[in-house]
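Heads up, the thing below is written out as structure tokens.
The values are calculated or read from the model by the stated rules, or taken from the named source; none is laboratory data. Fair warning: this is a prediction, and the values are worked out from it, not measured in the lab. For neighbour counting, all protein chains shown are included, and Cβ atoms are generated from backbone atoms with ideal geometry for every residue, glycine included. Areas reflect the complete protein model, heavy atoms only, side chains present, ligands, DNA and RNA absent. Shrake-Rupley method; radii C 1.70, N 1.55, O 1.52, S 1.80 Å.
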Amino acid sequence: MVVIGGGFTGMWAAWELLESGATVALLEGDICGHGPSGRNGGFCESMWLSAPALRQGFGDRPARALLDASSAAVGAIGRWCREQEVDAWVDQSGYLCVSTALAFDEVGREAVEAAAQLGAPERVQEMSGEQIRRRCDSPVFRRGVYIPDFATVQPARLALGLRRRLIERGALVFEGSRVRDLSSQPAGNGATPGVTAETAGGRVQAGAAVLAVGPAARSLPALRSRLTVTSSHIVLTEPVPDVLADIGWTGGECITDGRTLIHYFRTTRDGRIVFGWGGGRVAYGARTHGRVEVDGDLPAVMRRHLERIFPALAGRRITHAWGGPIDVSPSHVPQIGTLPGAPVHYAFGYTGNGVGPSNLAGRTLASLALGRSDENTRLPIVESRPGAWVPPEPLAWLGGSLVRSALVRREHAAEMGERVDPLTRVICAAPRALGMHLAR
């Protein structure tokens with residue numbers, strides 16, 4: 001088998017294939033885990049906040065199967081780290097989704113109702129402002145929900161640990177080997193179906209391919225209309241254990257706010273705060289391959305967001321800043337499937353929530369590549385519809401930039417308690433009218 005892409009999805013697929021006795025060649029254009037997999041915010045998430053959309057899209061029974069599988073994937077990552085002695089700093093202390101303005105006060109309520117209607121009320125729990133602030137005392141936290149099964153990880157340690165164990169298990173890992181052509185050979189006339197992946201340094205022939213290239217899937221004609229690409233950026237504070245003690249944020253919970261262009265934040269083992277902004281700064285085109293420079297003023301913009309939520313951080317240093325592309329599914333649900341007429345199996349579209357689901361996707365891709373029919377391949381996200389058609393460039397870039405600017409205006413106005421102008425409201429509503437879901 002050939003696996004194209006050395007992020008979490010590709011590496012988990014490679015691991016599952018090795019566990020099944022397959023010979024695996026993994027081709028990665030850079031270094032395994034060097035892209036979004038190793039440089040994200042470290043949230044290891046289930047899909048329970050998306051329960052309302054999953055029920056609407058798939059029905060109760062398939063949605064519940066997918067939600068339970070996503071929870072199991074979080075546990076599987078922690079168990080794998082223990083068994084393989086990979087210290088990825090896994091901490092399963094749960095997740096808070098909080099409202100930080102009146103306009104966001106409904107955040108998570110539909111998920112609470114959906115979990116109860118699916119017979120699992122413990123999965124998404126309503127929390128008052130007082131309950132939230134006992135866990136993390138920010139002056140802007142109004143109410144929210146708690147999901148117990150989320151974890152946090154140090155993503156680079158997980159990615160590099162998984163890479164190391166794959167090599168030790170016998171995977172043939174070729175880094176610096178960007179695939180420039182992938183062709184398939186159909187069955188017939190006695191021929192065995194298969195694929196050929198070509199790089200600058202050679203070719204790999206295999207019975208099937210796993211395509212796990214994240215945002216770069218936008219450059220493939222067969223998949224281009226099924227995803228968009230945007231960006232996310234992160235800053236890291238100096239150690240601030242005094243601040244964390246003062247606000248009571250000592251339980252390890254990861255947190256997001258209720259915005260569409262979310263803020264996400266968690267603590268680290270040495271008492272820092274990782275603070276990210278899913279609003280990004282750029283809507284990317286088809287040629288994005290994962291290298292993104294942080295705009296010079298972006299850390300200052302993010303500092304203003306950070307200090308609004310945690311005023312005690314005023315004057316404390318930001319020591320690091322980085323950013324990168326995100327593959328966005330129009331349905332806000334990961335897409336897994338097989339290219340027509342070829343044994344090429346793909347997964348992408350995590351929309352910034354991929355650390356946990358990538359484990360599930362990797363197992364599913366391995367089953368597809370091996371021709372198995374099992375509980376993974378029967379999940380409703382396998383061969384699901386993307387939800388909306390994404391236009392070609394430059395229309396996708398222009399439209400994405402326009403919507404992003406409108407969302408920034410709307411959410412700033414919401415936080416300031418101001419009214420939003422009619423044109424901004426119309427632009428913000430356009431994606432949903434076209435079948436795109438920008439929020440979970």
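Among residues other than residue 60 whose Cβ falls under 15 Å from its Cβ, what is the net charge (Lys/Arg +1, Asp/Glu -1)? Please report the intermediate quantities before stating the final value.
Numbers: positive: 55, 61, 64, 123; negative: 68, 110, 113.
Around residue 60, the charge tally is +1.
The share of accessible area on the stretch 52-188 that comes from carbon and sulfur is 46 percent, using a 1.4 angstrom probe.
For the chain, the relative contact order works out to 21 percent when only alpha carbon pairs closer than 8 Å and six or more residues apart are counted. For the stretch 329-354, the residues whose amide N sits under 19 Å from a probe point set 7 Å from the Cα of residue 192 along the beta carbon direction are 342-345.
All other residues whose Cβ lies under 14 angstrom from that of residue 128 are scored, Lys and Arg at +1 and Asp and Glu at -1, for a net of +2. Given +1 at the Cβ of Lys and Arg, -1 at the Cβ of Asp and Glu and no other charges, the dipole of the chain around its Cα centre is 600 debye to the nearest 20. Take the chain with all the other protein chains still there, run a 1.4 Å probe, and you get 42 Å² of accessible area per residue. Shown here for the stretch 80-135: GluC sites (Glu not before Pro) in loop regions (DSSP other than H, G, I, E, B) with at most 13 other Cβ atoms within 10 Å, namely 85, 106.
Within the accessible area of the stretch 375-440, what % is carbon and sulfur when the probe is 1.4 Å and the other protein chains stay in place?
About 64 percent, which is the carbon plus sulfur part of the accessible surface.
Contact order, relative form, for the stretch 68-222: 21 percent (alpha carbon pairs under 8 Å, 6 or more residues apart, mean separation divided by residue count). Residue ranking by accessible heavy-atom surface, 1.4 Å probe, largest first, among 238, 383, 175 comes out as 383, 175, 238. Taking the centroid of alpha carbons for each part, the stretch 127-175 and the stretch 73-92 are 11 Å apart. Evaluated at q = 0.08, 0.11 Å⁻¹, the base-10 log of the normalised Debye intensity for the chain, with identical point scatterers placed on the Cα atoms, takes the values -0.43, -0.83.
The heavy atoms of residue 331 present about 20 square angstrom of accessible area, all protein chains included, probe 1.4 Å. Amide H to amide H distances under 5 Å link residue 93 with 152, where only residues 5 or more positions off or on other chains count and H is placed in the peptide plane. DSSP beta bridges fully contained in the chain are about 75 percent antiparallel.
Among 156, 369, 414, the largest mean-square fluctuation in a Gaussian network model of the chain (Cα springs under 10 Å) belongs to 414. When the Gaussian network model of the chain links Cα atoms closer than 10 Å, the mean-square fluctuations of 180, 39, 163 top out at 180. Across the stretch 1-139, the mean sequence separation of Cα contacts (distance under 8 Å, 6 or more residues apart), normalised by length, yields a relative contact order of 18 percent. Taking the chain as a Gaussian network of alpha-carbon nodes connected by springs under 10 Å, the highest mean-square fluctuation of the residues 272, 82, 133 belongs to 82.
Annotation for residue 378 and residue 76: the two label points, set 7 Å from Cα along the Cα-Cβ direction, are 1.6 nm apart. Helical runs (DSSP H, four residues minimum) scored at -39500 (n - 2.57) apiece and divided by the length of the chain put the mean residue ellipticity at 222 nm at -10500 deg cm²/dmol.
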